[in-house]
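First comes the structure, then the notes that go with it.
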Amino acid sequence: MMSSLLRRVLGRFEGPLRYRLSGAAFGGQKPAILMYHRVAKPAVDPWGLAVAPERFREQLSALTKARKILAMDDFVAALTKGVLPSNAVTITFDDGYRDNFTSAAPLLAEAAVPATIFLTGDMIGRRDGFWWDELARMILLERGPIRYALILAKKHVQNRIPAMPVTELPDQKWRAWEIPRTERQAAYRELWELLERVPPSERQKAMADLRRTAPPVPADADELPMSAAEVTCLGPGITIGAHAMTHQPLTSLPPAERQVEIAESKVLCSRWAGRAVTGFAYPHGDCDPETRSMVREVGFAWACSTRAATVDSKNYDLFNLPRLSAPDVTGKVLLRTLNRAST
């Protein structure tokens, strides 16, 4: 039976998948916020976070010809004034991967397209990268045998995975919302589900234990977060937003810790941006009314979730704006996805 946690996670992808599989448009263009994470070709990508550079260039070209592309602040301003064009689109990136600087930013500048990058405050400048990527490399790319015994969320988790056959290649197409096809895929999904919501200190200990028994595969430089210097050199068309401090699902934290995560990220991101940042994106899309109130009270003007929908210009919540996850597809398919999407 699918866990409630995995069911919640899959909700983030249900919309884009449904739009791709749908055969009929729902009538007319609707404004949309596109959500990206990486512009890269990773060895494995279990959550479908990456769009290849050549695909991203093609998507930007298609969007500039068929849509009105706005900066996120301009998109929100037009929305609140009731003048948002039905074909409006804005581009956002979550997390702050280095390839946003090395690959995405040059392509955005080439196409003269604005974007907003939501930065995870504590990760900028870190050389150990995001835990979910390290876990994917550790479990899905390691060819030798893997064994581990952990206690996570008061649950004993242990496994012994044999070496990958010499004729087998890492499965680049498998996605974590699909049925696992190998022992490694099943282990990755189980560990991800448990690690996502445990306290950061428990997650750090578990990852340290895993490194001792499942040697980590080194990350490519672009898979790591940006440095502070790179953030300040992104270019005038890119604005900075906040993505909390540790990327912890905010509703898993006590209110006081949640408040710190939100407030400190605003201060830090404003420092990098050289001005007060106006926008926030909830890590994992995880929010509730209390969390949205905290974001508002800290001084943000708007916030994005990962709810898969276009923006309803007549019925919206500025602190729960939906986004459509941009898949690794051609520009033509992306436009068709947008045109089929419904609020």
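Tabulated data for the structure shown
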item	result
Filter pass, TRP302 being among the hydrophobic types (A, V, I, L, M, F, W, C) and within 24 Å of ALA228 (Cβ to Cβ)	no
Options VAL39, VAL83: the member that is within 30 Å of PRO218 (Cβ to Cβ), modelled with pLDDT of 95 or more and β-branched (Val, Ile, Thr)	VAL39
Count - residues of the stretch 215-229 that are buried (at least 18 other Cβ atoms within 10 Å of the Cβ) and either part of a helix (DSSP H, G or I) or of a type in the set (D, E, K, R) (or both)	2
Failed item, numbered, when SER270 is tested on (1) closer than 21 Å to PHE93 by Cα; (2) out of contact with any Cys (no Cβ under 7 Å at 6 or more places or on another chain); (3) outside any helix (DSSP H, G or I)	(3)
Selection from the stretch 157-204 of residues that are touching a residue at least 60 places away in the same chain (Cβ under 8 Å) and of a type in the set (Asp, Glu)	ASP171, GLU193, GLU196
Boolean, ALA309 is assigned by TED's automatic domain parsing to the domain that holds ALA66, among the small types (Gly, Ala, Ser), outside any strand (DSSP E or B) and farther than 24 Å from ALA256 by Cβ	yes
Meets criteria (in a helix (DSSP H, G or I) and at pLDDT 95 or above) for VAL333	yes
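Condition check ((1) touching a Phe, Trp or Tyr at 6+ places or on another chain (Cβ under 8 Å); (2) modelled with pLDDT of 95 or more) across all residues:
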| position | (1), (2) |
| --- | --- |
| ARG20 | no, no |
| GLY23 | no, no |
| PHE26 | no, no |
| GLN29 | no, no |
| LEU34 | no, yes |
| VAL51 | yes, yes |
| GLN59 | no, yes |
| LYS65 | no, yes |
| ILE69 | no, yes |
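To keep it simple, each residue is scored yes or no on (1) hydroxyl-bearing (Ser, Thr, Tyr); (2) farther than 18 Å from THR278 by Cα; (3) assigned by TED's automatic domain parsing to the domain that holds LEU169; (4) free of Cβ contacts under 8 Å to residues at least 60 places away in the same chain.
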{"site": "ALA66", "(1), (2), (3), (4)": "no, yes, no, no"}
{"site": "ALA71", "(1), (2), (3), (4)": "no, no, no, no"}
{"site": "LEU79", "(1), (2), (3), (4)": "no, no, no, no"}
{"site": "ASP94", "(1), (2), (3), (4)": "no, no, no, no"}
{"site": "TYR97", "(1), (2), (3), (4)": "yes, yes, no, no"}
{"site": "THR116", "(1), (2), (3), (4)": "yes, no, no, no"}
{"site": "ARG137", "(1), (2), (3), (4)": "no, yes, yes, no"}
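Listed here are the residues, each with its yes/no results for (1) surrounded by 13 or more Cβ atoms within 10 Å (Cβ to Cβ); (2) not in a helix (DSSP H, G or I).
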residue: VAL157; (1), (2): yes, yes
residue: MET164; (1), (2): yes, yes
residue: LEU169; (1), (2): no, yes
residue: GLN172; (1), (2): no, yes
residue: ILE179; (1), (2): no, yes
residue: GLU193; (1), (2): yes, no
residue: LEU210; (1), (2): yes, no
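The values are calculated or read from the model by the stated rules, or taken from the named source; none is laboratory data. If you're wondering where the values come from, they're calculated on a predicted model, not measured in any experiment. Glycine also receives a Cβ, built like all others from the backbone with ideal geometry; neighbour counts cover every protein chain displayed.
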